[in-house]
């Protein structure tokens with residue numbers, strides 16, 4: 001009955017060392033009001049100076065979002081009074097933002113959709129208000145930090161699509177190295193605009209949900225608003241154009257203030273900053289920073305390596321992880337493994353055992369390039385397992401040892417005596433020992449075989465094979481041990 005229109009304004013802190021218009025340190029978590037100066041505090045007579053690295057990073061994001069970079073771009077003063085904005089105006093962009101008319105593709109429920117990017121504009125962030133009891137405190141460390149705002153057209157229709165867009169954008173800016181994407185710390189946050197109207201009647205009254213600091217809250221907040229606005233329209237009431245806040249404790253939005261319009265901000269050109277005209281050298285430096293983004297990379301990985309959708313997207317979640325994976329596959333191929341076999345084996349090991357160790361040791365996958373298990377070492381271990389040199393069980397132990405001792409797998413396998421036993425005669429001796437010690441289990445397994453109880457037979461066979469492996473310190477080939485156990489059971493039944 002109703003058509004939903006959703007647009008997002010996503011704010012990202014650019015990873016510049018200093019703020020956008022002054023030389024103050026740009027960092028999260030420092031002591032309050034230690035990274036400030038007369039410029040970011042808005043003292044009279046001070047002069048801002050553009051941080052060119054912030055402009056380069058902003059243009060890099062614009063390029064990645066398929067935006068057009070104009071021949072000239074400039075800054076305006078956005079007038080408003082608020083305690084966290086000391087000079088009572090914000091230096092921002094309005095008439096000619098650095099990125100214009102872009103688009104990205106998202107895919108939800110098997111349906112691909114093009115989301116248009118209206119603009120990307122660079123501005124300074126405001127300070128931070130901290131409310132405690134009846135007192136409000138102000139920390140101006142964040143005031144003046146490089147902030148890029150990405151504004152979409154109202155092309156999304158559900159909270160799930162908006163959540164997916166933000167997650168995809170977060171991965172992209174992390175790949176580009178321009179933002180850490182930490183929504184908990186506020187380095188990536190979003191405002192969501194939503195309107196409902198009768199199908200075919202165009203946009204309705206716009207409601208903004210402010211300062212959503214997780215992709216999940218974006219989804220929940222928008223889906224709540226869809227239901228709330230639909231109920232009002234069903235009752236014949238009018239939607240109020242306003243700004244609302246998401247209450248995560250009550251899972252609902254609440255009114256904050258009536259929505260301002262552009263004219264309320266009284267934009268006019270910033271007189272202390274010249275027009276920025278990107279030259280050829282600047283544009284080349286922007287293009288040099290472009291990388292293969294997560295979505296196209298995941299699709300390529302699926303085609304090149306034969307991974308399924310879930311594996312490909314998990315591997316490509318972080319650029320460092322994807323680089324590590326591809327380097328490991330390449331190394332395994334050079335050691336003699338067939339590409340698709342190496343790709344699947346390494347993906348399985350990486351997404352299970354390796355990620356378990358990283359999580360346990362609190363190592364971010366973005367830092368996987370610095371771990372002791374290098375891509376070459378993971379490739380060697382993979383080749384050893386594939387070639388029957390070491391069992392899967394001992395391979396897990398070898399992984400742990402590489403992390404702990406910073407040694408090559410080959411050296412560890414030799415030191416610990418982890419080489420897999422593939423000699424049938426040696427394994428046969430271990431199976432015979434198990435047969436003599438587990439007479440009741442053997443009898444039960446034989447009875448299950450005769451009765452055709454496959455489930456019970458499988459369980460008991462696995463138990464006997466496990467005992468045989470344990471008798472060899474986990475070194476016997478599971479395949480050979482399994483064959484011998486089955487042969488003995490069938491021979492005696």
Any residue at all in the range 378-397 that is under 30 Å from residue 182 (Cβ atoms) and under 35 Å from the mean Cα position of the chain (by Cα)? yes
So, in the range 320-364, how many residues would count as being surrounded by fewer than 21 Cβ atoms within 10 Å (Cβ to Cβ), within 14 Å of the chain's Cα centre (by Cα) and assigned to a helix (DSSP H, G or I)? 1
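Among the candidates 389, 362, 355, 372, which residue alone is in the same structural domain as residue 315 (by TED's automatic domain parsing) and closer than 22 Å to residue 481 by Cα? Spell out the reasoning first.
Details: 362 fails: closer than 22 Å to residue 481 by Cα; 355 fails: closer than 22 Å to residue 481 by Cα; 372 fails: closer than 22 Å to residue 481 by Cα.
From the options 389, 362, 355, 372, the qualifying one is 389.
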Test of understanding: among 399, 464, 457, which residue is in contact with a helix residue (DSSP H, G or I) (Cβ under 6 Å, 6 or more places away or on another chain), modelled with pLDDT of 80 or more and outside the structural domain of residue 383 (by TED's automatic domain parsing)? 464
So which of 471, 443, 430 is buried (at least 19 other Cβ atoms within 10 Å of the Cβ) and more than 46 Å from the chain's Cα centre (by Cα)? 430
Taking residue 106 and the conditions (1) touching a helix residue (DSSP H, G or I) at 6+ places or on another chain (Cβ under 9 Å); (2) within 23 Å of residue 268 (Cβ to Cβ); (3) buried (at least 19 other Cβ atoms within 10 Å of the Cβ), which numbered condition does it fall short on, given that it satisfies the others? (2)
Would you say residue 475 is touching a residue at least 12 places away in the same chain (Cβ under 8 Å), closer than 30 Å to residue 339 by Cβ and not assigned by TED's automatic domain parsing to the domain that holds residue 339? yes
Filter result (assigned to a helix (DSSP H, G or I) and under 14 Å from residue 392 (Cα atoms)) within the range 458-473: 466, 469, 470
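Residue-wise test of (1) closer than 24 Å to residue 153 by Cα; (2) over 29 Å from the mean Cα position of the chain (by Cα).
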{"residue": "14", "(1), (2)": "yes, no"}
{"residue": "50", "(1), (2)": "no, yes"}
{"residue": "68", "(1), (2)": "yes, no"}
{"residue": "80", "(1), (2)": "no, yes"}
{"residue": "96", "(1), (2)": "yes, yes"}
Would you check if there is a residue in the range 229-244 being within 31 Å of the chain's Cα centre (by Cα), assigned to a strand (DSSP E or B), assigned by TED's automatic domain parsing to the domain that holds residue 8 and on the phi > 0 side of the Ramachandran plot? no
Name the residue that is surrounded by the fewest Cβ atoms within 10 Å (Cβ to Cβ), counting only residues in the range 24-42 that are over 17 Å from residue 185 (Cβ atoms) and free of Cβ contacts under 8 Å to residues at least 24 places away in the same chain. 38
Does residue 448 count as more than 43 Å from the chain's Cα centre (by Cα), closer than 23 Å to residue 389 by Cβ and surrounded by 15 or more Cβ atoms within 10 Å (Cβ to Cβ)? no
Report yes if some residue within the range 55-67 is surrounded by fewer than 13 Cβ atoms within 10 Å (Cβ to Cβ), modelled with pLDDT of 95 or more, within 20 Å of residue 271 (Cα to Cα) and in the same structural domain as residue 141 (by TED's automatic domain parsing); otherwise report no. no
Looking at 286, 301, which is the one that is surrounded by 13 or more Cβ atoms within 10 Å (Cβ to Cβ), without any contact (Cβ under 8 Å) to a residue 40 or more places away in the chain and closer than 24 Å to residue 169 by Cβ? 301
Which one of the conditions (1) assigned by TED's automatic domain parsing to the domain that holds residue 195; (2) in contact (Cβ under 8 Å) with a residue 40 or more places away in the chain does residue 250 fail to meet, given that it meets all the rest? (2)
Hey, any hits in the range 197-217 for a residue that's at pLDDT 95 or above, surrounded by fewer than 17 Cβ atoms within 10 Å (Cβ to Cβ), assigned by TED's automatic domain parsing to the domain that holds residue 13 and within 15 Å of the chain's Cα centre (by Cα)? no
Hey, could you check the range 394-424 for residues that are in contact (Cβ under 8 Å) with a residue 24 or more places away in the chain and outside any helix (DSSP H, G or I) and say which is surrounded by the fewest Cβ atoms within 10 Å (Cβ to Cβ)? 417
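The values are calculated or read from the model by the stated rules, or taken from the named source; none is laboratory data. None of these values were measured; they are calculated from a predicted model. Cβ coordinates were reconstructed from backbone atoms using ideal geometry, including for glycine residues, and neighbour counts include every protein chain displayed.
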